[in-house]
Amino acid sequence: MTANEYKEKIDGALESYFKNEDIPQAGLADAMRYSLLAGGKRIRPMLVLEFCRISGGDVEAAMPVACAIEMLHTYSLIHDDLPCMDNDDLRRGRPTNHVVYGECTATLAGDALQAEAFGTILRCGLPSDRRVACAEALADAVGIDGMCGGQYLDMLGEGKVLTEQELTDINSRKTGALLVAACQMGVAAAGGSRIMMDAAGQFGAAIGMAFQIRDDMLDVLSTKEQLGKPIGSDKDEKKNTYMVLMGKDGCEQTVEKLTEFAKNILREAFTDTDFLNSLADSLAKRFN
C-alpha cells in the first residue's frame, strides 16, 4: 500500500468518529472533529498500520489503534496552540481550534480527544492482551516520562541556553515518544515478537529525532505557505533549537545519519521494509 492509500483509508476511518449531532454537547464534538479532520500527513497512524502489517498482523483490525494515536496527536496540537502555550493562530493553513471555538472549548476538545484515544483502543476488536499493550505504550508516550514531561521541560528551558543533550532530553519526550509509540503499537496490535518491538522502538526514536531537527530547520528555511503556519517563531521566542546548536549543515548531516540508522535497524527484525525506508527518506527531506 502507498502512503496516499494509507492516508485515504485513515482519513475515511477518522471521519466516522464523533458524529454526535443530537446531543447537548454537539459543539464539543464539532470542535474535536474540526482539528481531527484538518488534514496532515497522518504519519503516526501510518506507522501503526505498516508495523502491524510487517509484523504479520491484520491492518484492518488495527485501524482503531491507528485512529487513536491520531486523536492523541490532535489533542497535543490543540493544546500546543493555546494562548497559555505557543499562542498560535494558524495550524495546517487554517485558524487554530481556540481561534474558532474559544479557549475553553478548545481545551475541552483536547481533553476529550485524549480520553477517547484510550477508549478507542480499549473498545476495539483486538484480543485483550494486544489492546492493553497498545494502551500502555500510548500512556507511556504521553505521561510524565513522555510528551507531557517533555513539554514541561521545554517550558523550564525557556530563556536559558541549553546543551545539545538537554535539548535532546526534551525532544525525545516531546516529539520522539509518540513516534516510538506508533511503531511499537503496530507491533503490539499484531502480537509481534520482542525483537520486532525493540527494532520498532529504535526506528521510531531515530526518525523522531530526525523529525524534530527537520522541524527546527523548516522554521528557518521554509515559508508560511509551505508550512501552513507562521515561520520564524522559534527565533522570535528565543527558543533552543538544533539550528542554533548545530547550524544548517550540522542539522542536515545529523538528519541523514539518523535516517540511515533507522533504515538499517529495521533489517535486523523485518524483511519487507521498502515502505518504511521510503517514508523515513521522505520525512528527512520534507518541506512541511
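I need the peptides 108-118, 77-87, 193-203 ranked by packing, meaning the mean over residues of other C-beta atoms within 10 angstrom, with the highest value on top.
The peptides rank, most packed first, as 108-118, 193-203, 77-87.
Where in the chain are the helices, taken as whole DSSP H runs, whose Cα atoms extend 24 angstrom or more along the long axis and whose Kyte-Doolittle mean reaches at least 0.0? Please report the intermediate quantities before stating the final value.
Details: long enough: 63-81 (27 Å, 0.49); 103-122 (29 Å, 0.67); 194-221 (40 Å, 0.58); 242-266 (31 Å, -0.04).
Correct list, ordered by number: 63-81, 103-122, 194-221.
Here is the link list: K19/K285; K41/K248; K7/K160; K9/K248; K19/K263; K9/K285. Which ones come out longer than 31 Å on Cα distance? Don't jump to the answer; show the numbers that get you there.
Working: K19/K285 36 Å; K41/K248 24 Å; K7/K160 39 Å; K9/K248 36 Å; K19/K263 39 Å; K9/K285 24 Å.
Pairs exceeding the cut-off: K19/K285; K7/K160; K9/K248; K19/K263.
Give me the number: length gained by fully extending L122 to V100, i.e. 0.36 nm times residue separation minus the C-alpha to C-alpha distance, one decimal in nm.
Separation in residues times 0.36 nm, less the Cα-Cα distance, equals 4.8 nm.
How charged is the neighbourhood of V59? Take every other residue with its Cβ under 12 Å from the Cβ of V59, and add Lys/Arg as +1 and Asp/Glu as -1.
Once positives and negatives cancel, what remains is -2.
With a 1.4 Å probe and all protein chains left in place, how much accessible area per residue does the range 1-144 have, in Å²?
Per residue, the range 1-144 has 44 Å² of solvent-accessible surface.
How big is the range 1-94 by Rg and Dmax over its Cα atoms, in Å?
Expressed in Å, the Cα Rg and Dmax of the range 1-94 come to 14.6, 44.
Under unit Cβ charges (Lys, Arg +1; Asp, Glu -1), what dipole magnitude, rounded to 20 debye, does the chain have relative to its Cα centre?
Computed charge dipole of the chain: roughly 340 debye.
With point charges of +1 on the Cβ of Lys and Arg and -1 on the Cβ of Asp and Glu, referenced to the Cα centre of the chain, which listed residue (T168, L245, L37) lies farthest in the positive direction of the dipole?
Going by the Cα projections, it comes out as L37.
What distance in nm lies between label points placed 7 Å from Cα along the C-beta direction at E15 and D80?
Distance between label points: 2.6 nm.
Quick one: how many Å² of E260 are accessible to a 1.4 Å probe, rounded to 10?
About 80 Å², ignoring ligands and nucleic acids.
Within 10 Å, count the other beta carbons around each residue, average over each peptide in 262-273, 16-27, and list them highest first.
Most protected by this proxy first, the peptides run 262-273, 16-27.
Just order 153-163, 120-130 by mean Cβ neighbour count inside 10 Å, highest at the front, would you?
120-130, 153-163
Just need the Rg to Rh number for the chain, please, alpha carbons only, Kirkwood Rh.
Ratio of gyration radius to Kirkwood radius for the chain: 0.95.
The values are calculated or read from the model by the stated rules, or taken from the named source; none is laboratory data. All of these numbers come straight from a predicted model, not from anything done at the bench. With ideal geometry, Cβ positions are generated from the backbone for all residues, glycine too; neighbour counts draw on all protein chains shown. Protein only, heavy atoms only, side chains kept; ligands, DNA and RNA dropped before computing areas. Shrake-Rupley method; radii C 1.70, N 1.55, O 1.52, S 1.80 Å.
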